[in-house]
Amino acid sequence: MHNYLDFEKPISDLEGKILELKTLAEQDESVDTSDEIARLETRVRDAMADIYSKLTPWQKTQVARHADRPHFIDYQTQLFSEFTPLAGDRKFANDDAIQAGFARFRGEPVVLIGQEKGSDTKSRIRHNFGSARPEGYRKAIRIMELADRFGLPVITLVDTAGAYPGIGAEERGQAEAIARSTETCLGVKVPIVSVIIGEGGSGGAIAIATGNRVYMLEHAIYSVISPEGAASILWRDSTRAKEAAQNMKITAEDLKSLGVIDGIIPEPIGGAHRAPEKAIASAGDIIASSLSELKGRKDLREERRQKFLAMGRQL
């Protein structure tokens, strides 16, 4: 059984009935439930297609945060080989929220950077739920500078609610580290392809997502602040997050229409958590085509700068 979201109750009811029928058939081999199971499975597919074709921004937020949604480590394992993680910012410490290192992507050497949220209590604490401290962004800067030195394309996978806002992080220059990381993205001469795979939250996301090509998975979100944070600021009431999400233009469709992202990567029906391997493969195809398009270009840095300077001018 899956971890169902609140709006998936029709699906959970149907899949619960399917499970009951399968259990009954296992207990009594004389009972043939195959026709009824097939009928219910068709209804499940139809229900998922209908529900996921008209998700609200708040529902997409829930999907983007789903506990079973594939994370950085899943993409790294399926799409990349010979991943060699590099640790530390050479200034203070290592930060496990940001993972970075050298790898091969479809046989070609690349640099891979991304946020890892963790998949269980222990790993979530280790990775700080994907919210990086300043040393995480300084590590990203160091690795991007290495990529620039060796002429390796950079692939970034974004999945964070935002940079860590703790006192220690602020004391060590969180805002400066984010700004420097964004500056480094703009300054390197190699291609940068970024994919928002879950949450793209605030400066914590843009710090490694200032790429030549920026894509979002269909049910990912990308925003200057979380819906809860926006509701707390605007109305001093975080319970109005649903209302905030509706007005913030955080979905892939909204951001594509605004020119903030370059494309949308379709997800399997029911979201990436339903068929993670398929979702990851689709992202890999987009990354491959983008790197092929950008290969050998001499104007990458200027194009990247103009791309981000132009955002909002048409509004």
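Values in this text are rule-based calculations from the coordinates and carry no lab data. Since the structure is predicted, the reported quantities are computational estimates derived from the model, not experimental observations. Backbone-built Cβ (ideal geometry, glycine too); neighbour counts: all protein chains shown.
Structural remarks
- Once backbone amide H atoms are built at 1.01 Å from N, Ile196 has Val158, Tyr215, Met216, Leu217 as its partners under 5 Å, excluding neighbours fewer than 5 places away on the same chain.
- Once the mean of 1/r is taken over each pair of separate Cα atoms and inverted, segment 1-116 shows a Kirkwood hydrodynamic radius of 18.1 Å.
- Around Asp95: net Lys/Arg minus Asp/Glu count, Cβ-Cβ under 13 Å: +4
- Kirkwood hydrodynamic radius over Cα pairs of segment 61-309, then Stokes diffusion coefficient at 4 °C and 1.567 mPa s, in µm²/s: 72 µm²/s
- A viscosity of 0.890 mPa s and a temperature of 25 °C, combined with the Kirkwood radius over C-alpha pairs in the Stokes-Einstein formula, give segment 95-226 a diffusion coefficient of 170 µm²/s.
- Its relative contact order, with pairs defined as Cα atoms under 8 Å and 6+ residues apart, puts segment 61-309 at 17 percent.
- Over all other residues within a Cβ to Cβ distance under 15 Å of Arg106, the charged ones net out to -2, with Lys and Arg as +1 and Asp and Glu as -1.
- Rg over Rh [alpha-carbon atoms, Kirkwood Rh] for segment 123-186: 0.99
- Length gained on full extension, Ile125 to Lys249, computed as 0.36 nm times the residue gap minus the Cα-Cα distance: 41.6 nm.
- Taken as Cα centroids, segment 230-297 and segment 92-168 sit 19 Å apart, rounded to the nearest whole angstrom.
- In summary, the lysines within cross-link reach of Lys91, defined as a Cα separation below 23 angstrom excluding same-chain residues under 8 places away, comprise Lys139.
- Partner aspartates and glutamates whose Cα lies under 16 Å from the Cα of Lys9, excluding those fewer than 8 positions away in the same chain, are identified as Glu41, Asp46, Asp50.
- The distance separating the Cα centre of segment 202-226 from that of segment 1-34 comes to 37 Å.
- The antiparallel fraction among DSSP beta bridges confined to the chain stands at about 40%.
- Estimated FRET transfer efficiency (Ile167, Val224; beta-carbon r; R0 25 Å; 0.05): 0.65
- Residue separation of Asp299 and Leu19 scaled by 0.36 nm, minus their Cα-Cα distance, works out to 95.2 nm of gained length.
- Helix-derived mean residue ellipticity, 222 nm - over the chain, DSSP H n ≥ 4, -39500 (n - 2.57), to 500: -14500 deg cm²/dmol
- Mean Kyte hydropathy of 0.0 or more with a Cα span along the axis of at least 18 Å, helices from DSSP in the chain: 276-294
- A Cβ-based charge dipole, computed about the Cα centre of the chain with Lys and Arg at +1 and Asp and Glu at -1, lands at about 1660 debye.
- Here Ser12 and Ala179 are evaluated by their C-beta separation; at R0 = 41 Å the FRET efficiency comes out at 0.40.
- Sorted by Cβ neighbour density within 10 Å, fewest at the top, the residues Arg126, Arg43: Arg126, Arg43
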